[in-house]
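Notes to accompany the following structure.
The values are calculated or read from the model by the stated rules, or taken from the named source; none is laboratory data. Computed from a prediction, not measured in an experiment: that's the story for all the values here. Positions of Cβ are generated from backbone atoms using ideal geometry, with glycine treated the same way; all protein chains shown enter the neighbour counts.
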Amino acid sequence: MLRLILTTLLVIICLPATASAQNNTYYVAVSGSDTSGDGSAAQPWATIGYAVSNAPDSSLILVRPGTYNGRVRLDEPFATGITVRSEQPYRALLRNNDVVVTSYYGQGITLEGFDIAHSGPGAGALLVQIQDLRGEPGDDDVVERIVLRNNIFHDSYNNDLVKVNNGARQITISGNMFYNQSGSDEHIDVNSVSEVLIQDNIFFNDFAGSGRSNNNSTSSYVVIKDSNADDDNQLGSRDIRVRRNIFLNWEGSTGTCFVLVGEDGQSFYEAQDVLIENNLMLGNAANPLRAAFCVKGARGIMFRANSVVGDLPGLAFAMRLNTEGANLPNTAISLYNNIWADPSGSMNDFSDTPAGETDAFTLANNLYWNGGLALPQSADDLINPTNDSTPTLGDPLLAAQDDLIVPRWNATAGEFAGGFATIAAASMRWLGHTASRVQAALRLIKPIPHICPATICSAGRAAVRPTLAPWSDRTARRRY
Ligand SMILES: [Ca+2]
Ligand SMILES: [Ca+2]
Ligand SMILES: [Ca+2]
Ligand SMILES: [Ca+2]
């Protein structure tokens, strides 16, 4: 309460009636001041953290171009929500030699349009961390309704780009670009949280483009797991959606995956009720990965209408479903309406799925193509293309993906490689280049009765056929 009163007093003190903060719009600029500024266009504040602590609910905070060094704290609760936006997309740079953006106490905050990176080698761990430190982690009062939208998260020199953990919930990560994490860590580490939506993002690595060496040591682009059991009152990540993202240009280790569910060998399900749909996974790079999609010790995982296309050197092309440590066997794994296509004909291993490590799965209505050669088949694996009772076998007419331009941001040119001004435009490029063909290929797949298990789909959606057009509803925000 004291904090609230102080905050209220600060707002009153800092926002005299003469402030020109029209329509709840406030400004931050590198030339601004947190002591003499009032947040108006003429007298902007100097730091985002100060603006967040002083702007009222429903505010729009516009951050002027420039480089902002130091930690950005998004730590106030807002019932309706505020937006903190780079006034010119990607022209406000957030830099720190430690974690750059944190939300440990925030509610209802959208961060939009920034270029976010470590300042260089030697930085402390993580670029962005969202975790619940409101009271006890994962109790009724949690960090929630945090949105990361249209940002470029790149070049962590220590650990993940974005970590969401310790009981946070209702986190949306939408329309961002991710490249170059560090060490055996991820672009997004979804760890012991619930209701996370990851959609319309582009994930790739391009270490050389950042003047770094590629050690083939990085981990999955997205991991969904629980490292800390019930220490945070949350046992397993739950209700996670990964949809309409583009994954490409693998430079990571041979032990990890574009998307990995479960990692830490726990004795409980590290993730439950996870939907991975309509993603484009492009095997354009020469660096082998473990498999496009991997699950270790999880329940209720649906992988549908994804397109895994390209040479994609991998220990397995499509998936690895296994257990490690104290993991329970995977159960309720559904894989349908996907395309697994290697136009180069080098798909020599379809899955790594040891018997006994997955006890219930559905494989139905997928398309398989190995450049005209025989599909791989292994008696050592639980899941082979022959397990699909309604397969589509044939050429989906998807091109080899090895000539793709990696769409990294070029600040000097003010555009993404390929000549696009926004992440959405760069994303649309892929739609034009590849996804229209993917959509054509998906039309080859026979529609099937919906087989969404009750653990994932509500009764209201249970009769609905899964969408076959992956990106036609890019602006939709509906939840499952
Ligand atoms: Ca809490
Ligand atoms: Ca991590
Ligand atoms: Ca936990
Ligand atoms: Ca195998």
Worksheet item: For residue 207, are the conditions met, namely being out of contact with any Gly (no Cβ under 6 Å at 6 or more places or on another chain) and surrounded by fewer than 24 Cβ atoms within 10 Å (Cβ to Cβ)?
Response: yes
Worksheet item: Does the stretch 303-316 contain at least one residue that is outside any loop (DSSP other than H, G, I, E, B) and closer than 24 Å to residue 194 by Cβ?
Response: yes
Item to complete: Please specify each residue of the stretch 385-394 satisfying the condition of being loosely packed, with under 14 Cβ neighbours inside 10 Å and without any contact (Cβ under 8 Å) to a residue 40 or more places away in the chain.
Response: 386, 389, 393
Worksheet item: Of the residues that sit in the stretch 406-424 and are β-branched (Val, Ile, Thr) and surrounded by 14 or more Cβ atoms within 10 Å (Cβ to Cβ), which one is farthest from residue 285 (Cα to Cα)?
Response: 422
Worksheet item: Which of (1) in contact with a Ser or Thr (Cβ under 9 Å, 6 or more places away or on another chain); (2) farther than 24 Å from residue 248 by Cα does residue 324 not meet, given it meets every other one?
Response: (1)
Fill in: Qualifying positions in the stretch 168-181 - closer than 27 Å to residue 410 by Cβ and surrounded by 24 or more Cβ atoms within 10 Å (Cβ to Cβ)
173, 176, 177, 178, 179, 180, 181
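Just a yes or no: is a residue in the stretch 352-372 under 17 Å from residue 288 (Cβ atoms) and either acidic (Asp, Glu) or surrounded by fewer than 19 Cβ atoms within 10 Å (Cβ to Cβ) (or both)?
For the stretch 352-372, residues under 17 Å from residue 288 (Cβ atoms) and either acidic (Asp, Glu) or surrounded by fewer than 19 Cβ atoms within 10 Å (Cβ to Cβ) (or both): present.
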Worksheet, complete the sentence: Per the filter on the stretch 159-182, residues more than 16 Å from ligand 3 (Cβ to nearest atom), under 14 Å from residue 127 (Cβ atoms), touching a strand residue (DSSP E or B) at 6+ places or on another chain (Cβ under 7 Å) and not acidic (Asp, Glu) are 161, 162, 173, 176, 177, 178, 179, 180
Worksheet, complete the sentence: In the stretch 201-239, residues that are within 16 Å of ligand 3 (Cβ to nearest atom), modelled with pLDDT under 95 and within 17 Å of the chain's Cα centre (by Cα) total 2
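Yes/no per residue for (1) at negative phi; (2) more than 16 Å from ligand 3 (Cβ to nearest atom); (3) at pLDDT 95 or above:
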| position | (1), (2), (3) |
| --- | --- |
| 326 | yes, no, yes |
| 332 | no, yes, no |
| 337 | no, yes, no |
| 347 | yes, yes, yes |
| 375 | yes, yes, yes |
| 379 | yes, yes, yes |
| 393 | yes, yes, no |
| 402 | yes, yes, no |
Item to complete: Answer yes or no as to whether residue 398 is away from ligand 2 (no atom under 16 Å from the Cβ) and touching a residue at least 60 places away in the same chain (Cβ under 8 Å).
Response: yes
Discussion item. Being away from ligand 1 (no atom under 16 Å from the Cβ), small (Gly, Ala, Ser) and over 22 Å from residue 97 (Cβ atoms) is the filter here; which residues of the stretch 164-184 pass it?
Written reply: 174, 175
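Restricting attention to the stretch 186-195, report how many residues are surrounded by fewer than 24 Cβ atoms within 10 Å (Cβ to Cβ) and more than 16 Å from ligand 3 (Cβ to nearest atom).
Counting residues in the stretch 186-195 that are surrounded by fewer than 24 Cβ atoms within 10 Å (Cβ to Cβ) and more than 16 Å from ligand 3 (Cβ to nearest atom) gives 0.
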Item to complete: Mind listing just one residue for me: the one in the stretch 133-146 that is in contact (Cβ under 8 Å) with a residue 60 or more places away in the chain and in contact with a strand residue (DSSP E or B) (Cβ under 8 Å, 6 or more places away or on another chain) and, of those, nearest to ligand 1 (Cβ to nearest atom)?
Response: 137
Item to complete: Would you confirm whether any residue within the stretch 327-334 is under 14 Å from residue 220 (Cβ atoms) and aliphatic (A, V, I, L, M)?
Response: no
Practice prompt. Please go through the stretch 180-224 and pick out each residue that is within 16 Å of ligand 2 (Cβ to nearest atom) and assigned to a strand (DSSP E or B).
Written response: 188, 189, 190, 191, 196, 198, 203, 222, 223, 224
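From 248, 275, which residue is under 14 Å from the mean Cα position of the chain (by Cα) and more than 21 Å from residue 333 (Cβ to Cβ)?
Values: 275 fails: more than 21 Å from residue 333 (Cβ to Cβ).
Exactly one of 248, 275 is under 14 Å from the mean Cα position of the chain (by Cα) and more than 21 Å from residue 333 (Cβ to Cβ), namely 248.
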Response to the item:
With criteria (1) touching an Asp or Glu at 6+ places or on another chain (Cβ under 7 Å); (2) free of Cβ contacts under 8 Å to residues at least 40 places away in the same chain; (3) more than 16 Å from ligand 3 (Cβ to nearest atom), residue 150 comes up short on (2)
Worksheet item: Taking the condition crowded, with 24+ Cβ neighbours inside 10 Å, aliphatic (A, V, I, L, M) and away from ligand 3 (no atom under 16 Å from the Cβ), does residue 198 pass?
Response: yes
Item to complete: Write out, first by first residue and then by second, each pair whose Cβ atoms fall under 7 Å of each other, whose residues are 6+ apart or on separate chains, and whose first residue, in the stretch 401-428, is among the polar types (S, T, N, Q) while the second is assigned to a loop (DSSP other than H, G, I, E, B).
Response: 401/284; 410/417; 422/89; 427/200
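Would you kindly identify the strands (runs of 3 or more DSSP E) lying entirely within the stretch 101-171 that contain at least 3 residues that are within 26 Å of residue 235 (Cβ to Cβ)?
128-131, 144-149, 162-165
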